[in-house]
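Values quoted throughout were computed directly from the atomic coordinates according to the rules given, and no laboratory measurement underlies them. As the structure is a prediction and not an experimental result, all values here were calculated from the model. A quick note on method: Cβ atoms are made from the backbone with ideal geometry, for glycine too, and the neighbour counts reach across all protein chains shown.
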Amino acid sequence: MVENQFKQDCAIFEELVGKGKTLAEEAQSVRGGSLDDAPKSEQKCTSWFIESRNFLISLFGEDDLDTSIFRKSFGTYKSMNLMGFYSGDWRFVKEDMYKGVGVLEGIYYSFKRGIKKRKEDLVKSLKESKDRIRVMFDNDILNKIVEGQLDIDYIIKSNKFEFYATHIQSDQVSRCPDNEKRAMLTLNLTKLSPIVLPTESFILGTSRLGEAKLGDGKVLEGLRKENQNHTEDALIGEVAIKKGILLVTNDKTLKSRVNSNRGRAINLEEFKELVK
């Protein structure tokens with residue numbers, strides 16, 4: 001059943017990519033063209049875009065980063081006729097169509113090679129596992145526990161999970177300005193009794209001596225994309241990837257990047273499915 005579904009998904013991908021390439025060849029260029037043909041081209045491309053977008057959402061969910069990149073491949077352009085009068089907005093110009101088809105094709109190749117998976121496949125495989133699941137929470141999930149969105153005592157008693165952390169989570173907890181909340185965060189970390197692992201890279205100003213390794217930074221940079229504000233999240237994600245630990249995070253970007261880098265990441269609602 002799963003294999004048949006995979007084949008069906010691949011067939012739909014190939015159909016959409018092929019159709020997109022044909023439409024890209026026929027689409028109006030941003031540099032100009034026949035405005036008489038533009039409405040029909042726009043109509044066909046709009047239909048293809050909606051079909052492709054909805055297919056990606058059905059596979060990977062609304063918060064998938066690659067699906068977001070696909071959506072953002074298409075700009076909006078204003079056209080003028082030869083007399084200089086405004087003729088309307090065009091979105092699916094040739095240049096953007098080629099870009100969008102390229103993104104769609106890249107997503108397909110990642111899916112075909114098992115780098116990207118259906119959103120429900122990971123949770124399903126984890127639920128079927130007879131072994132304890134190795135889990136790491138990021139700071140946002142720890143906050144959600146304090147807010148009562150997850151019963152920490154229940155998940156500990158379930159004995160389904162083995163918890164891990166790095167110094168990053170403790171550092172983030174210690175910076176919480178609310179004294180009462182900081183105390184609850186600390187208490188919950190203590191209850192989880194996580195195995196503390198060193199980060200896989202050392203970043204000046206963030207990492208601690210003795211609690212970080214000197215790595216090559218390739219995975220780290222793939223996660224933070226040169227954005228220094230994402231350093232702590234990237235360090236957590238890198239550990240999860242390299243140690244084969246399931247990362248639980250509501251950060252859509254981090255989740256998508258971890259999964260795209262051969263890691264495993266789910267959000268809070270998906271984690272709740274595992275707890276049941």
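Taking amide H as placed 1.01 Å from N in the peptide plane, Trp90 has its amide H under 5 Å from the amide H of Tyr77, Lys78, Ser79, each at least 5 places away in sequence or on another chain. Phi angles of region 177-194 translate, via the Karplus equation with coefficients 6.51, -1.76, 1.60 and θ = phi - 60°, into HN-Hα couplings of x, 8, 4, 5, 5, 4, 5, 5, 4, 5, 4, 5, 4, 5, 4, 5, 6, x Hz per residue; Gly and Pro are given as x. Derived scalar couplings between HN and Hα for region 49-57 equal 4, 5, 4, 5, 4, 5, 5, 4, 5 Hz in order, rounded to whole Hz, by the Karplus curve 6.51 cos²θ - 1.76 cosθ + 1.60 (θ = phi - 60°), x for Gly and Pro. Close amide H contacts of Glu162 (hydrogens built in the peptide plane, cut-off under 5 Å, sequence separation of 5 or more or a different chain): Ile133, Arg134, Val135. Model label points for Ser68 and Gln8, set 7 angstrom from Cα along the Cα-to-Cβ axis, are 3.0 nm apart.
Provide, for q = 0.07, 0.17 Å⁻¹, the log10 of I(q)/I(0) from a solvent-free Debye sum over equal Cα point scatterers in the chain. After summing over all Cα pairs, the log10 values are -0.35, -1.25. Rounded to whole numbers, the Karplus 3J(HN,Hα) couplings from phi for region 7-19 are 5, 5, 4, 5, 5, 5, 4, 4, 5, 5, 5, x, 5 Hz, using 6.51 cos²θ - 1.76 cosθ + 1.60 with θ = phi - 60°, and x at Gly and Pro. Residues whose amide H comes within less than 5 Å of that of Ala212, counting only those at least five positions distant or on another chain, are Thr199 (H built at 1.01 Å from N in the peptide plane).
For Lys242, the lysines whose Cα comes closer than 19 Å to its Cα, not counting residues fewer than 8 places off in the same chain, are Lys116, Lys117, Lys213, Lys218, Lys225, Lys255.
Our estimate of slack between Glu226 and Asp178, defined as 0.36 nm per intervening residue step minus the Cα-Cα distance, is 14.2 nm.
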